[in-house]
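Below: one structure, written as C-alpha cells.
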Amino acid sequence: MDSFQHRRWIIILTMLFVTVVFGVRLLYVQVLNNDWKNRAEQITHHKVTIHPARGLLYDRNGELLVAVNQVYDILVTPKDLKGIDTVEFCSLFKISKTEFLQKIEHASTGYNVSYKASTFIESMSKEEYSRVVPYLKSFNGFDSKRRTNRGYPNGVAAHVLGYVRKISAEQYSKDQKVGEKYYNQNDYVGVTGLEKVYEKELRGERGSAFFLRDYAGNDKTNLEENYAISGNNLYTSIDLKLQSYGERLMKNKLGSIVAIEPSTGEILSLISAPSFDPNKLSGREFSENYKELLNNDTLKPIINRPIYNANYRPGSIFKLVQALIAMQEGVITENTGFVCNKALINCHNHEPPSNVQIAIKHSCNPYFYHVYKRLIQRGEEKSIFKDSRIGIEKWNASVKSFGLGIKLNTDIPGVKPGRIPDANYYDNEFPSKTNPYGKHRWAFSTIYSNSIGEGEIGVSPLQMANLAAIIANRGYYYTPHLVKKIGKDGSKRPEYLKKNYTMAAAKYFEPVVSAMEMVVENGTAMGAQIDSIRVCGKTGTVQNKTFNDHSVFIAFAPRENPKIAIAVYVEYGTWGGIWAAKIASLMIEKYLVKELSEKGKKKEKEVLDAIILDKHSDFK
Amino acid sequence: MENRAKNIIGKVDIPLLGLFLVLVFAGLLTVYSASFSEEYPQIYSLDKAYGKQLAWIVISLIIGVLILTLEGSFIRNSAYIVYGVVTLMLLVVLFMPAIKGAHSWFKIGGFTIQPSEFAKFATSLAIAHYLSTSGIKIQEAKTKVIVFFLIAVPGFFILQQPDPGTLLVFFSFIFVMYREGLSGNILLGMFFAIIIGVMAIFFKASEANVSFFGWVFAANYLYLFVIVIATVLIHFGITYLVMPRYRAKKYIINMVSGAIAMLLVFSCNYAYDNVFKDRHRDRFEVMFGLKLDRKGVGYNSYQALSAIGSGGPAGKGYFKGTLSNDKYKHVPEQSTDFIFCSWAEEWGFLGSFLLIILYTAFLIRIIMIAERQKSKFTRIFGYCTASILFFHYMINIAMVIGLAPVIGIPLPFFSKGGSAILGFSIMIFILLRMDSERKDVLR
Ligand SMILES: [Zn+2]
C-alpha cells in the first residue's frame, strides 16, 4: 500500500472543478444569456427585401404618362477600396477628383458607414452603364446595382406628375419617429405631385424573404417569404393631347392653364408655364437640373403656378360671383339697373347698365360698386361700421361656397386657400398686422375695391377654373382632382364623388351665363369665339404695379351641357382679351372639335409666335 | 483458447467499455452531422469524413480486441520497444512533406497517420514501466531526470513538427508524478505560478489604470505592489504565529516565493511587450473578453460561441444545426477541433452538460480502475490515460467555450481524426486488458 493513495481525491476534485466551471459557463452561454443567440442570428440570418414595382400613371384615355426605365447605380464600399487609379476612374466616370473625394467622404460619414455599400453614382442609363461595366471590376470596392427608375415618354405634365427621389434624411427620420416606419434609407419616395399624394398607393407593399446563409454569404435555406405587393397604377384625369397642346401654346409665356370637366371635377389639363421635361428630374443629373430649375432660371419653372400663387386678384371675373350672390341675397334682381357713375369708381363708356347681363357684358365698375355696397351695408344696424361687419361676414360665407378663400381638398400637393377677407381680417390684419384698421373703424367705403375683384381678394388659377366649372354646372362643383381611378378596377377617392353646392340657386345662373356668352359674342373677349361652339367666358385683368398687367380669362363650353371649363392666366400678358382668351378658345376647340377651324389655325399661329417672356427676361 | 477469450471478456470492466463505446458512437454521429454531404449520404461513404471515421473506429475496435488477447506481461515488456518505435516514427515524420504547414503526418493512400497521437500511449507505457521498476523512487532526482527525458524526447520532436497543442498534453504527466509521490508543493507552486502569470497577463492586456489618491497607476504595477505587500504581511505572520525554531526556514520560503512571484510578473510584462507577437496579444485580449473580435483572431472563438449559444437549452435537433456543419461552415474546423460546437448546437445545454458529465464519469472511472490495481505498472498507466484524456478534454472544451485561447487539440473520441481515435482506443484497451487480469497478477 502506498502512502499517496489519498491524492486520487485531489485529482478527482480537480476534474470535478473543471467540469463545474464548464457547466456554469455553458449554462450562461446557452441558457441564461441571449447575446450569443442574437449574434448567431446575425451570422446566419439574411433578410432580403423584395421591392414591389411602383405603379404607373396613365392619362384619361389610357396613354402612358409615367413608365419605368432600367437604370444602374454604382455603389461604393469605402472599406474595400484598394489601389484605385483615381485618374483613370475619374476619366471613366467623367467626374472630377474633388468630386470623387467628396463622394467617398460622403459614403463613409453620416448614416453611411464605411463597411456598407452606398450609392456612388446614381441612375446611370443603360448606354452609360455598358460603357463603364467592363472596367468596373478592376476597381476594388465598387459595385453596381440594377434598379428601375421613372421615365416619361411624353415629357409633359411635370408639375402634375411630380418626381421620385431617394428618401431624404429628414423624411426618413420622421418616418421612423412618428410615421409608420415603412421606409429604408435607400428607398425612393414621391416628392411632389401625384407621386407624393398617391405615394402609398403607388409604392405597393414591400416583401421580404429570410434565408439562412453560409459563411461565404450564400443563401442556403429559405426560412420564410412574404411576397411583395405591386403598387397600383393611377388612371389620371389628364388628357395627354390637351395637356401637350396647352404646354405648346404656353411656350415663351409665363402663366397657367387649368381645364376641368365640369360634370365630374376631373382636371383635364394643368399647365404651368414655363414647364420642363420631367425626365430631367429622373436621371443622373437630378441635382444639377434641380438647381437650374429652382434658382438659375429667373422664371423659376419648378414652381407649380396654377396652385402656387393664390394671391392673384381675380379682377373683373369676380363680378360674376358678386352678381350671383347679390341676386341670391335679394339685394338686386336680374333686372336691377344702376347708373354708371364714374365719380364713384372709374369706368369706360358703354351703354347704360340697366340689368345684370349688360353690367357683366361691359364689366361696369360703378354697377358692382353699388351691388357690393348693398351686400355689405344692408341697413341692419344704424352704425355703418357695425352694419359692414354683418354684411362682410354674410358675403364671406357666400363667396367661400364658390370654393374661393378655402383650401380645395384636391390631390395636388401644396394648394393654397387664397383670401376672401372677413371682419377679422380688417380688424386685425389689414393693412398690416402691427397697424390694422381695428374693430368698428372700417366700413364699405374702406373696402369697396373688393367689389370689382381688386382690394384684398386673392385666388389661384385652379380656383378660377373651378369657378368656371361652377357656372357651367349652374351652381355646384366637384372638388377638382387628377385621378379617376386607383388601380385597374379601383375608383377615385370618395371625396371627389360629392357635389358641393354654392349658396346661389341655379336659377340665378342663367342671366350670368347669358352675359358670359355675350362677352364672347360681342364683348370684351371676341378673341375667344369659335364658330361651331357657344363659348361663355369672362375676361379679367390683374393689375400689376411693376410691369404689364396679367391677362386672365375663364370660360366654359358649350353653353348647354358644358364639357370643359377653363381658366387661363398669361402673366404680364396685358389686357385680358388678348392672349388668355385666345389660348382658352384654342384649348376648347382642340378638346371639343379636335380639328381646328381656319380661324382657329390662324389664332394658333399668332399664339405660338408670341414671345411674351422668355427665360432671359429680367424682372423682379 | 476459446475458454481464454471468454475468460478475458468476462473480466473486462463493463462501465468503462460502455462509456467508451457511448463516447465513440456519439462522436461518430456528431461528425456525421457536422460534415454531412448530400452527395454521399451513407455514413459508411469513405469519401467523406464520417465514412473514414467509421472505418477508423472499426479498425480501432479490431485492434482493441486483439489487445485484449495479449498477455499483460507481454504489453509491459514491450513498453520500451513501443516507445522506441514511436519515437523513431516521430523523427522520421519530420522528413515527410508538410500538410497545412506541419510535418505531422504519414500519408498512405487516402489515409493519413499522425504518430504524435501514438506518442501519448507509448510515452505512458514507458513511464509506467520505468516508475514501476522495483527500486525506483520518484523522490530521487535521478528518477525525475529520467522521467523528464522520457517525456522530453518525443516532446522535442513534436515541437519540431510543429504541434504545440499536442506538446501541451505532455504536461499532463505532472498529475501522474503527483499521484506517485512528487511533492505536492511543486504542483501547488505551478498552480500558483499559473494563476499569478495569467493575472499578470490579464492586467497587462487590459491596460487598466487605477487611480489612487490622484496618482494613476497601471493596474499591473498595483498588482506587483500587492504581491510585495502580501510577502511583507506573511513575513510578519511568520514572526508572530510560527514557533521560533521553524521561523528561519519559513522566512526563506516566503522570501523566495515572493521573489519568484515578482520575477514572474516582470517576465510576463516583458514577454507581453517583447516576446509576444500582435496575434498572441490579440488572442489573450479576446480570451479575457477585453475585445469582442468578429473577424481576425477572434473569429473562431466568436463563431464557436455563437453556435453553442444558439443551441439554447434544448438544442436545434440532430442534423438541424445552422452554424457548425459543412453546409453553413460558420464555425471553422467544425468536425475536428470545434466538434463540440456541433454537439452543443444540436443538443443544447442538456446535451452539452450531459457530455461533460459523461466525460467526467469516464475519467473518474479510469482513476477508480487505476486505484484498484495491485500492479503499479497498471496503476501508473491508468493515471497516464486519465491525465492525457483530462488535458485534452479540459483544453479543448475551454478553448471552444472561450475560456482559453485557441489551441489546436482534438476532443477525444469526438473529433474527426483516425490516428487520434486509434491512439486513444489503444490506451483504453490496454487499460481494460491490464485491469482484467488484476486478480491473476501480482506485480
Ligand atoms: Zn360702366
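The values are calculated or read from the model by the stated rules, or taken from the named source; none is laboratory data. For clarity, every value in this text was computed on a predicted model and none was experimentally measured. Heads up, the Cβs are rebuilt from the backbone with ideal geometry, glycines too, and the neighbour counts pull from every protein chain shown. Side chains included, ligands, DNA and RNA excluded: accessible areas come from the protein's heavy atoms. Shrake-Rupley method; radii C 1.70, N 1.55, O 1.52, S 1.80 Å.
Cα-based values for the stretch B:13-159, radius of gyration first and Dmax second, are 18.7, 61 Å. All other residues whose Cβ lies under 11 angstrom from that of B:Ser37 are scored, Lys and Arg at +1 and Asp and Glu at -1, for a net of -2.
Taking the chain by itself as reference, the stretch B:386-404 contains these residues with an accessible-area loss of 40 Å² or more in the full protein complex (1.4 Å probe, heavy atoms): B:Phe390, B:Ile401, B:Leu403.
In whole percent, and with a 1.4 Å probe on the protein chains, what portion of the accessible area of chain A is carbon and sulfur? Here carbon and sulfur together make up 50 percent of the probe-accessible area.
Work out the P(r) tail for the stretch A:73-198: percent of alpha carbon pairs separated by more than 18 Å, whole number. For the stretch A:73-198, the fraction of Cα-Cα distances above 18 Å is 61 percent. Taking trypsin sites (Lys or Arg not before Pro) across the stretch A:387-444, the ones in a DSSP loop with at most 10 further Cβ atoms lying within 10 angstrom of their Cβ are A:Lys433. Solvent-accessible surface of protein heavy atoms, probed at 1.4 angstrom with all chains present, puts B:Val86, B:Val232 in the order B:Val232, B:Val86, largest first. Per residue, the protein assembly as shown reaches -15500 deg cm²/dmol at 222 nm when only DSSP H runs of four or more residues are counted, each adding -39500 (n - 2.57).
On the basis of the beta-carbon distance and an R0 of 56 Å, A:Lys433 and A:Glu288 show a calculated FRET efficiency of 0.90. Of the residues B:Met434, A:Leu56, A:Tyr172, the one whose Cα sits farthest towards the positive end of the charge dipole of the protein assembly as shown is B:Met434 (charges of +1 on Lys and Arg Cβ, -1 on Asp and Glu Cβ, taken about the Cα centre). Going through the stretch A:114-195, which GluC sites (Glu not before Pro) have at most 10 other Cβ atoms within 10 Å and a DSSP loop state? For GluC sites (Glu not before Pro) across the stretch A:114-195 that sit outside H, G, I, E and B with at most 10 neighbouring Cβ atoms in 10 Å, the list reads A:Glu180. Taken as Cα centroids, the stretch B:58-86 and the stretch A:331-353 sit 133 Å apart, rounded to the nearest whole angstrom. In the stretch A:15-31, burial by the other protein chains removes 20 Å² or more of accessible area from A:Met15, A:Leu16, A:Val18, A:Thr19, A:Phe22, A:Gly23, A:Arg25, A:Leu26, A:Leu27, A:Val29, A:Gln30, A:Val31, compared with the chain on its own (1.4 Å probe, ligands and nucleic acids ignored). In terms of its C-alpha gyration tensor, the stretch A:209-298 has an oblate overall shape, because the principal axis ratio a/c (a ≥ b ≥ c, square roots of the eigenvalues) is not below 1.5 and a/b does not outweigh b/c. Less than 5 angstrom separates the built amide H of A:Val164 from those of A:Val191, all sequence-distant by 5 or more or on a different chain.
Phi-derived couplings, Karplus 6.51 cos²θ - 1.76 cosθ + 1.60 at θ = phi - 60°, listed residue by residue for the stretch A:141-149: x, 9, 8, 9, 9, 8, 8, 9, 9 Hz, with x used for Gly and Pro.
Electrostatic bookkeeping for B:Thr143 treats Lys and Arg as +1 and Asp and Glu as -1; over the other residues with beta carbon under 13 Å from its beta carbon, the sum is +1.
Residue-wise HN-Hα couplings along the stretch A:3-14, as the Karplus relation 6.51 cos²θ - 1.76 cosθ + 1.60 with θ = phi - 60° gives them from phi, are 7, 9, 3, 4, 5, 4, 5, 4, 5, 5, 4, 4 Hz; Gly and Pro carry x.
The label point for A:Asn335 and the one for A:Lys386, both projected 7 Å from the Cα toward the Cβ, are 3.7 nm apart.
In the structure displayed, which of B:Lys120/B:Lys376; A:Lys37/A:Lys177; A:Lys507/A:Lys538; A:Lys300/A:Lys484; A:Lys103/A:Lys200 lie more than 21 Å apart, Cα to Cα?
Numbers: B:Lys120/B:Lys376 19 Å; A:Lys37/A:Lys177 28 Å; A:Lys507/A:Lys538 19 Å; A:Lys300/A:Lys484 30 Å; A:Lys103/A:Lys200 31 Å.
Where the Cα-Cα span goes over 21 Å, the pairs concerned are A:Lys37/A:Lys177; A:Lys300/A:Lys484; A:Lys103/A:Lys200.
For A:Tyr28, the accessible area of its heavy atoms, probed at 1.4 Å with every protein chain present, is near 100 square angstrom.
Going by Cα centres, the stretch B:395-443 and the stretch B:141-162 are how many Å apart? Taking the Cα centre of the stretch B:141-162 as reference, the centre of the stretch B:395-443 is 20 Å away.
For A:Tyr369, the shell of other residues with beta-carbons less than 15 Å away shows a net charge of +3, using +1 for Lys and Arg and -1 for Asp and Glu. Annotation for the stretch A:410-452 versus the stretch A:45-124: alpha-carbon center distance of 50 Å.
Summarising the label geometry, the points placed 7 Å from Cα in the beta-carbon direction at B:Leu61 and B:Met190 lie 3.7 nm from one another. When the alpha carbon gyration tensor of the stretch A:70-147 is reduced to an equivalent ellipsoid, its three semi-axes come out at 18, 15, 12 angstrom, largest first. Judged by the ratio a/c of the largest to the smallest principal axis of the C-alpha gyration tensor, chain B counts as oblate, that ratio being 1.5 or greater while a/b is no larger than b/c. Rounded to the nearest 0.05, the FRET efficiency derived from the C-beta distance between B:Ile174 and B:Tyr318 at R0 = 45 Å is 0.70.
Applied to the stretch A:224-235, the Karplus parametrisation 6.51 cos²θ - 1.76 cosθ + 1.60 on θ = phi - 60° returns per-residue 3J(HN,Hα) values of 7, 9, 10, 5, 7, 10, 5, x, 6, 6, 10, 9 Hz, with x for Gly and Pro.
Interface residues of the stretch B:335-377, defined as those with an accessible-area decrease of at least 30 Å² between the chain by itself and the complete set of protein chains (probe 1.4 Å), are B:Phe349, B:Ile356, B:Thr360, B:Ile364, B:Ile367, B:Glu371. Of all lysines in the structure, those lying under 20 Å Cα to Cα from B:Lys204, and not within fewer than 8 positions of it along the same chain, are B:Lys277, B:Lys291. Proximity of backbone amide H atoms, modeled 1.01 Å from N, is registered between B:Gly315 and B:Gly348, B:Phe349 at under 5 Å, excluding neighbours fewer than 5 places apart on the same chain.
Amide H contacts of A:Ser144 (H built 1.01 Å from N, in plane; Pro and chain starts excluded): A:Leu75 sit under 5 Å, all sequence-distant by 5 or more or on other chains. Annotation for A:Glu63 and B:Leu222: the two label points, set 7 Å from Cα along the Cα-Cβ direction, are 8.2 nm apart. Heavy atoms of chains A and B lose about 3800 Å² of accessible surface on contact, summed over both sides with a 1.4 Å probe. Comparing B:Phe36, B:Phe192, B:Phe202 in a Gaussian network model of chain B where C-alpha atoms under 10 Å apart are linked, the largest mean-square fluctuation is found at B:Phe192.
Hey, got a sec? Which trypsin sites (Lys or Arg not before Pro) in the stretch A:290-357 land in a DSSP loop and have at most 11 other Cβ atoms within 10 Å?
Numbers: sites: A:Lys291, A:Lys319, A:Lys342; in loops: A:Lys342.
Sites meeting the loop and neighbour criteria: none at all.
Per residue, chain A exposes an accessible area of 45 Å² to a 1.4 Å probe, with every protein chain left in place.
Which of rounded, prolate or oblate describes the protein assembly as shown when judged by the alpha-carbon gyration tensor and an a/c cut-off of 1.5? Prolate, because a/c is 1.5 or more and a/b exceeds b/c. Ordering B:Leu17, B:Leu61, A:Leu320 by accessible surface, largest first, gives B:Leu61, B:Leu17, A:Leu320; the 1.4 Å probe counts only protein heavy atoms, with every chain in place. In this structure, A:Glu224 and B:Lys100 have a Cβ-Cβ separation that, at R0 = 25 Å, corresponds to a calculated FRET efficiency of about 0.05. Each Lys and Arg Cβ is given +1 and each Asp and Glu Cβ -1; about its Cα centre, chain B then shows a dipole of about 1140 debye.
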